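Some notes on the structure that comes next.
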Amino acid sequence: MNFMYIDFPKSITLNNLELLSSNFSQFKRFSDNKILFFSEGVNIYEDENGIMLFNGRLLYDGLNQTDSIKRFIEMLQNNRWTFEDDLSGYFTGFYINFLTNEKFVFNDYIGMDNLFYSSVENIFVISSSLTYLKDITHYKLRLSSLVCESIYPYSSFGNKTTLYDVFRLLPGERLKFKPDLSTESKIENQVKQKDEEVNMDSFAKELVELINKESEKHFKNENILLPLSGGLDSRLNLAHLIANNISFEAFNNGEIGHIDTDIPIKLSKAFNFKLTLINLYENLLPDTKEKIYDIFQKTNSLYVCTWNSLLLKENFKKGSVILLGDSLDILRSQRVESMIDKKFRIKYNIKKVITGSKLELHPFTDKSFNAFNNGFLNQYLTKFTDSLKSFAVDETERLKIIEEFKSDFYFYVNFLKSNYTFAYQEAFEEIFYMFSYGRNTMGRHINLLKYKFRAEVPMTNVRIMKRVLNVSISNRYSDELTSKMFRVSSWKKVGSFPSNRSPFVNYNANENLVLFGWYIRYSIDKVLDKVFKATKGKSKKDRLFKSYDFFSFYNSDINYNNYKNYMASENFFNSNKYIEIFEHRRSGSRIVPFDLYVGLQTKFYVDTFEK
C-alpha cells in the first residue's frame, strides 16, 4: 500500500499538502514540519522513540509481529545489517528515530517493491510512488532514465529514476540518513552460488516443504485473491494455498475457449474454489486523456493495463492480499542473458535428453565480465539512441544523455560485482537480469495493484530465495526441478494438469515429455505466426490454441484514433514513433503491446514534470 513521509524546514511552506493528502486515507502529523501520509494495509509500529513503516512481511521465528519489528529496529540502529537465518518475509520501508533524528530506509535483497527517497531544497521525502512527488517540489525529468523506461524489457539501472534528485533504494540496501542528511549505505545479499551436485528429488521436496511452511505462516489468516492463468507461476501459488487448506478467491483475465482460461476452470472444478472471469478488454486501453491521467495519478503505472479491469471491480474486497507469480523463472533459471534464447533452450534440452549431460557453466572472470558489459551495452545503445529520437534535443544534450546512461549502466554492473559473489558468469547474468528486468517489471505490477490491494510475491521471501539462489544454475535450468516439485505429494494433484506452455501432457509428467510437448507447440505456433504475418493478419490462426488476443483489440479503429489523438504532442516529446508502431500492428505486425503502455507512460511524465 502507498505511503509518503515528508520532513521540511519550518521556514518553508508547502502549499500542496491538502492536495497530496487526497491520495491517502490517513495521515499523522508529528510536528508542523514532519508529516506521514499512508493508506490502509501499511504496517506501522510506533513507540516513544520513533516510528517504523513498511510494506510486505517481516517475522522472526518464535516472535510475533511486534517483537519482530523491535528486533529489526535494534539491528538497524546498532549498525548491523544482516538477514539472519530465522528472518522470514519480504519488505521495504523506513524507520525514523525522533530522539536522534536519524532516518533509515531499507529493503530485502530482492527489492521488488520500490522505495524512493529525495533530499532537495532542504525537503526530505520517502515515498512508495514517484507520482506523489510532483506535489512536493519542482523535480525535473531525467531524460536518460525516461528513455530507458521506453525500452522493453529493461528500465533505468541502479538507483536512478526518471526524476533528477530522486533515487530508488538498491536491492538489499539499508541507507542511514544522519541529522545533517549525509548518508551511510550498507548492502546485504545472500547469493554465494557454487557449482555443486544436488540430489534433485531431495531438493525438490525440501523446497516444497519450505514454501508450504512459509505460506502457512504468512497467509493462513489473510483474505487472499489469486490471479490464475494457464501458466506455472500462478500454479505454484495455487499449490501452496491448497496444500495448507488456505481459503482464497481466484480470478482469470480471459474468456471460455482460451487455453489460459480453460485450464483455470478445470482447476477450480477439481479443487472447488471460486473463479471469477474478468473481461480482459474492458478498460484495457483508456479511451480518454482524463481516464489515462486518473489511472496514472493513482497508481504511478500504465505498464500493465490488463490489471485496470481488476482495480475497477467492486466485488473484490479492497485491501485483499493479491499473490503474484512471475517467479517460477528463478526456479528454472530462465532469465540468464546468454541462455534466454529459445534456440539455446531447444539445443540444450535435446542434448540433455540424448546424452544426459548437465549445463556447462563458465567461470566468472574480469574478462567474461567485461565481454558481457561491452556486448550488452553495444546492443542496448542501439535501442537507446533510437528511442532518444522521440525527444527533441540538440546534439550537445543528446551526447550528454547517452553518457549519463552509460554511467548508470557501469554503476549498476560494478555494484553487482562489488557486492555479490559469483563463481560463474551465468550466475552474474541471472542476478543482472533479476535486478533490472525482473525487479522493474514486478515493481510496476506491485505499484499499480497497491492502489487497491496488498500486492505480494510469495516466492521472493528472503528465506526461500536464499535457498534457491545458492543452488547452481546447472541444477535449476529448464523444467527438471519444477516438474519434480509438482510430483511431491502435497503438490501432486495440482501438478496433474497441463500448462499453457505444454498443453498435451500433465506438467508433473516426465520432464522430457513436458519439454517435448512445449517444443511441438512452439514449432507449430512459429509456422502459424509466419502465415499470420505473411497474410497481414488475414489468416484464421496465429497459434495452435486460442489465447488472449490483444491484437484484434488494439487494431480497432476506436482504439487507434483514441491513442493517436492522445499521443499528439506539442512539446519536445515526439510521439510519432509510437503511432507508427500502432500502424504497423494494424497491418499485421506481432509486436507486443508493452510499447503502447510505455508510450502513454512516457507522455504522462513529459506532461506532468518539467523538462
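The values are calculated or read from the model by the stated rules, or taken from the named source; none is laboratory data. Since we're looking at a predicted model, the values are computed, not measured. So basically every Cβ, Gly included, is an ideal-geometry build from the backbone, and we count neighbours across all protein chains shown. Calculation scope for accessible area: heavy atoms of the full protein, side chains included, ligands and nucleic acids excluded. Shrake-Rupley method; radii C 1.70, N 1.55, O 1.52, S 1.80 Å.
For the reader, a short list of remarks on this structure follows.
Condition check ((1) in contact with a Ser or Thr (Cβ under 8 Å, 6 or more places away or on another chain); (2) on the phi < 0 side of the Ramachandran plot; (3) of a type in the set (Gly, Ala, Ser); (4) at pLDDT 80 or above) across all residues:
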| residue | (1), (2), (3), (4) |
| --- | --- |
| Arg463 | yes, yes, no, yes |
| Val468 | no, yes, no, yes |
| Asp479 | no, yes, no, yes |
| Ser490 | no, yes, yes, yes |
| Val494 | no, yes, no, yes |
| Tyr507 | yes, yes, no, yes |
| Gly517 | yes, yes, yes, yes |
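- Any hit, the range 77-90, residues being open to solvent by 10 Å² or more (accessible area, probe 1.4 Å) and either under 26 Å from Asn16 (Cα atoms) or assigned to a helix (DSSP H, G or I) (or both): yes
- Odd one out for Ser436 among (1) at pLDDT below 90; (2) over 22 Å from the mean Cα position of the chain (by Cα); (3) closer than 23 Å to Ile330 by Cβ: (2)
- Qualifying residue in the range 545-566 (condition: under 28 Å from Leu481 (Cα atoms), touching a Lys or Arg at 6+ places or on another chain (Cβ under 9 Å) and at pLDDT below 80): yes
- On the stretch given as the range 1-20, residues that are open to solvent by less than 40 Å² (accessible area, probe 1.4 Å) and closer than 21 Å to Phe98 by Cβ total 9.
- The residues in the range 241-253 that are in contact with a Ser or Thr (Cβ under 9 Å, 6 or more places away or on another chain), open to solvent by 10 Å² or more (accessible area, probe 1.4 Å) and among the polar types (S, T, N, Q) can be counted, and the count is 2.
- Exactly one residue among Glu429, Glu397 is more than 30 Å from Leu515 (Cβ to Cβ) and out of contact with any Gly (no Cβ under 6 Å at 6 or more places or on another chain), and that residue is Glu397.
- Helices (runs of 4 or more DSSP H) contained in the range 455-528 and holding at least 1 residues under 23 Å from Ile340 (Cα atoms) and open to solvent by less than 40 Å² (accessible area, probe 1.4 Å): 462-469, 473-476, 480-485
- From the options Leu226, Leu238, residue that is more than 24 Å from Asn470 (Cβ to Cβ), open to solvent by less than 10 Å² (accessible area, probe 1.4 Å), touching a residue at least 60 places away in the same chain (Cβ under 8 Å) and part of a helix (DSSP H, G or I): Leu238
- Annotation note: of Gly172, Gly230, the sole residue that is in contact with a Pro (Cβ under 9 Å, 6 or more places away or on another chain) and not aliphatic (A, V, I, L, M) is Gly230.
- Of all residues in the range 18-32, those satisfying the criterion of being of a type in the set (Phe, Trp, Tyr) and either in contact (Cβ under 8 Å) with a residue 24 or more places away in the chain or not in a strand (DSSP E or B) (or both) are Phe24, Phe30.
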